[in-house]
Amino acid sequence: MSEQLQSHLVFSSGNSWYAVPADRAAEVVSFPELTRVPGAPSHLLGVFAHRGEVIPVVDLCQLTGDKGGETKRAVLLRLARGALALTASKVAGVSLVSGKLDPLGAGGVHQHLRGPAKAAANDVAVMDPEGLFEFLCQGG
Amino acid sequence: MAADADSKLGGVVLCRAGGHRLAFPASQVAVIEVWSEGGRPIPNAREAYALPTQPGRLLLSDTGDGVVVDTLEVATESADLLPSPRVLVGGAGGSLRGFLSARDQLWPVLQLADFSLYLAGLEPSGAGR
């Protein structure tokens, strides 16, 4: 079933494009040198201080098994239970998303990515940010 | 956010292990000694970053739990403990207390004894033991 969705921020990480509800995307940030956290999973690149808050940076490429180069930019999500920064190679801007909302996988991170969908002329995976956040809280 | 958002640290031991930063509350450190390969079998903080061990300094708690780090300095000024992001709560075997902003950088603050136990569980037959 095709659906017209609310406004989403569309961005890429590595070779893949993602769409996250615009009201959850607080800003796009350039992050400084990160502080690694001992024992953290490899997709959790580290943390940085942002306006008095400690923000974790998640490498979407490592999380999803995609290929991608290094980036110092991230989309900062503000959710009810906390903040999270997701690495971003390119940011296409805010766009309406159309398509399906079927989970792109039965387990792991892909159950929190939905599609197939299109936005800003790209095939995108529509992110369920709250689900992704809970997934990461459980160790990813 | 973690529960101890408004905690104050009365002093910390700022450490480095393989270029990474980590800190321990000074109140938890009873002894600081030089440590070399073949010395007493104590977990090395480098193991948390999958790095080979090397000689350094040994921090011991009053319960005898210890961690070896590359270098350290003692910061006596009090500082605010910044809460851990929720995705990191329970990190490093539950030893992560929060973060400290010092020397214009962010440092993870760890419970010394718990971090020692966490490291010991990583690789029981690891180098430097």
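The values are calculated or read from the model by the stated rules, or taken from the named source; none is laboratory data. Being a predicted model, the structure only gives us computed values, none of them experimental. In this analysis, Cβ positions are derived from the backbone assuming ideal geometry, glycine residues included, and neighbour counts consider all displayed protein chains. Surface accessibility is based on the protein's heavy atoms, side chains included, excluding ligands, DNA and RNA. Shrake-Rupley method; radii C 1.70, N 1.55, O 1.52, S 1.80 Å.
Before moving on, here are some points about what is shown:
- Whole-Hz ³J(HN,Hα) from phi, Karplus 6.51 cos²θ - 1.76 cosθ + 1.60, for region A:125-140, glycine and proline x: 9, 7, 8, 9, x, 5, x, 4, 4, 5, 4, 5, 5, 8, x, x
- Under 5 Å, built H, 5+ apart or other chain: amide partners of A:TYR18: A:PHE11, A:SER12, A:SER13, A:ALA125
- In region B:1-111, the DSSP beta bridges split such that about 95 percent are antiparallel, to the nearest 5.
- Seen against the Cα atoms of chain B and their longest principal axis, helix B:112-122 is set at about 50 degrees.
- Loop-resident sites, region A:48-100, for trypsin sites (Lys or Arg not before Pro), counting at most 14 other Cβ within 10 Å (DSSP): A:ARG51, A:LYS67, A:LYS72, A:ARG81
- Structure remark: mean-square fluctuation, Gaussian network model of chain A, C-alpha springs under 10 Å; the largest value among A:GLY52, A:GLY115, A:GLY107 belongs to A:GLY52.
- Karplus (6.51, -1.76, 1.60) ³J(HN,Hα), θ = phi - 60°, over region A:34-39, in Hz, Gly and Pro reported as x: 8, 9, 6, 10, x, x
- Residue-level accessible surface for B:VAL87, protein heavy atoms, 1.4 Å, Å²: 20 Å²
- Helical content of chain A, expressed as a calculated mean residue ellipticity at 222 nm, amounts to -2500 deg cm²/dmol (DSSP H runs of 4 or more residues, -39,500 (n - 2.57) each, divided by residue number, nearest 500).
- Counting, for every residue in A:48-57, the Cβ atoms of other protein chains within 10 Å of its Cβ and taking the mean gives 4.
- Accessible area, probe 1.4 Å, largest first, for residues B:ARG46, B:ARG86: B:ARG86, B:ARG46
- Note on the protein assembly as shown: dipole from Cβ charges, positive end direction compared against B:LEU88, B:SER78, B:LEU122; the farthest Cα belongs to B:LEU88.
- Between B:GLN105, B:GLN28, B:GLN54, the residue with the greatest mean-square fluctuation in the GNM of chain B (Cα pairs under 10 Å linked by springs) is B:GLN105.
- Per-residue surface analysis assigns A:SER7 an accessible area of about 50 Å², computed on protein heavy atoms at 1.4 Å probe radius.
- In this structure A:LYS118 has an accessible area near 110 Å², from a 1.4 Å probe over the protein heavy atoms.
- In this structure, A:SER7 and B:GLU77 have a Cβ-Cβ separation that, at R0 = 41 Å, corresponds to a calculated FRET efficiency of about 0.35.
- B/A buried area, accessible surface, summed, 1.4 Å probe, Å²: 1700 Å²
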